[in-house]
Amino acid sequence: MTVLSISSVGPHDFELSLRVARSFSPDLFQDFSVLRSAVRIQDNPTVLELRQVRRDPATFEIRTDLPDSTSEVKRIARWIIFAELDLLPFYRLAASHSVLGPITQELHGLKPIRPASLFEMLVIAITEQQISLAAAYRIRTRIVERFGDRVDSLWAFPTPRRLSESSVADLMTCGLSQRKAEYLQGVAYKVANGLLDLDQLEAMSDEDVRSVLLQVRGLGPWSAEYFLVRGLGRPDRVPAEDLGIRSIVGRYFGHGQRLSPQGTMRKLSLFKPYRGLAAFYLLAHERLPEYLAG
């Protein structure tokens with residue numbers, strides 16, 4: 001077992017971040033002091049264990065069985081915990097706001113937990129289209145356990161090649177509709193054969209990424225925005241067509257009424273260039289009583 005150390009731009013409250021992540025996927029984490037995740041390092045499935053060992057400065061310990069892949073292990077770990085995200089400019093922007101200011105104080109140090117790969121994020125976006133988070137999570141669990149690789153008690157996400165070579169019928173047995181199974185197979189084929197280079201998206205502007213994704217069958221405006229904010233971690237992007245986001249922004253900022261996509265963006269405009277992060281904090285705060293107090 002190799003033990004590594006990485007830093008994160010503070011403030012960073014990892015336990016709080018794991019609790020919020022669990023509120024979106026209830027079976028995801030049982031221990032809020034450590035994240036155990038099966039990931040692929042240079043095509044080798046392995047388990048990473050991440051825990052915060054210091055709050056100031058924010059420092060994390062990584063345990064891995066791959067001693068020869070130190071730089072890649074650190075890169076993926078930093079990616080998952082969103083180590084580079086500096087919350088302080090967002091907090092300064094929100095400080096004077098009567099609603100969001102107190103929320104950022106209550107959730108001080110909260111950062112999103114990201115999927116380990118952009119391909120996994122694409123699959124998340126497809127599976128969550130027009131169904132509940134809980135239903136999508138169950139479908140992805142079946143996909144991972146059928147097509148992924150078991151590592152200890154965890155499962156590494158399937159490779160694009162593995163999903164591209166699976167039949168639509170096989171994918172449908174996981175709970176996908178025929179159309180979503182076709183979307184998933186098609187996206188996996190593009191990634192596996194170099195027709196969609198996900199690594200290149202990291203260096204592109206938001207609008208260029210959006211333009212590329214909208215050319216892929218099965219990815220619409222909602223999916224593109226969701227990929228930008230949760231996958232690439234672009235803090236100003238908002239999937240404003242999402243009913244949940246429109247409802248939560250309306251609940252906090254719109255006298256309790258669900259807003260239109262345009263109204264949602266108007267209400268969040270005060271927090272540009274952190275509109276997506278503001279929406280995330282509202283969603284997290286709504287889950288506070290049930291998931292964060294226990």
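The values are calculated or read from the model by the stated rules, or taken from the named source; none is laboratory data. Everything quoted here is computed from the prediction, not taken from an experiment. Cβ coordinates were reconstructed from backbone atoms using ideal geometry, including for glycine residues, and neighbour counts include every protein chain displayed.
The table below gives the values:
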quantity	calculated
Selection from region 209-236 of residues that are surrounded by fewer than 20 Cβ atoms within 10 Å (Cβ to Cβ) and more than 26 Å from Ala94 (Cβ to Cβ)	Ser211, Val212, Leu214, Gln215, Val216, Arg217, Gly218, Gly220, Pro221
Helices (runs of 4 or more DSSP H) contained entirely in region 4-103, each with at least 1 residues that are within 20 Å of His285 (Cβ to Cβ) and under 16 Å from the mean Cα position of the chain (by Cα)	14-24
Residue list for region 149-178, filter: crowded, with 20+ Cβ neighbours inside 10 Å and without any contact (Cβ under 8 Å) to a residue 12 or more places away in the chain	none
Qualifying helices (runs of 4 or more DSSP H) (wholly inside region 195-278; at least 1 residues being of a type outside the set (Ser, Thr, Tyr) and out of contact with any helix residue (DSSP H, G or I) (no Cβ under 9 Å at 6 or more places or on another chain))	206-214, 243-253, 261-268
For Pro45: the one exception among (1) in contact with an Asp or Glu (Cβ under 7 Å, 6 or more places away or on another chain); (2) without any contact (Cβ under 8 Å) to a residue 12 or more places away in the chain	(2)
Condition met for Ala181 (of a type in the set (Gly, Ala, Ser), assigned to a helix (DSSP H, G or I), surrounded by fewer than 20 Cβ atoms within 10 Å (Cβ to Cβ) and outside the structural domain of Pro57 (by TED's automatic domain parsing))	no
Qualifying residue in region 84-95 (condition: surrounded by fewer than 20 Cβ atoms within 10 Å (Cβ to Cβ), among the aliphatic types (A, V, I, L, M), without any contact (Cβ under 8 Å) to a residue 24 or more places away in the chain and not assigned by TED's automatic domain parsing to the domain that holds Leu282)	yes
Verdict on Arg63 being more than 20 Å from Glu106 (Cα to Cα) and of a type in the set (Lys, Arg)	yes
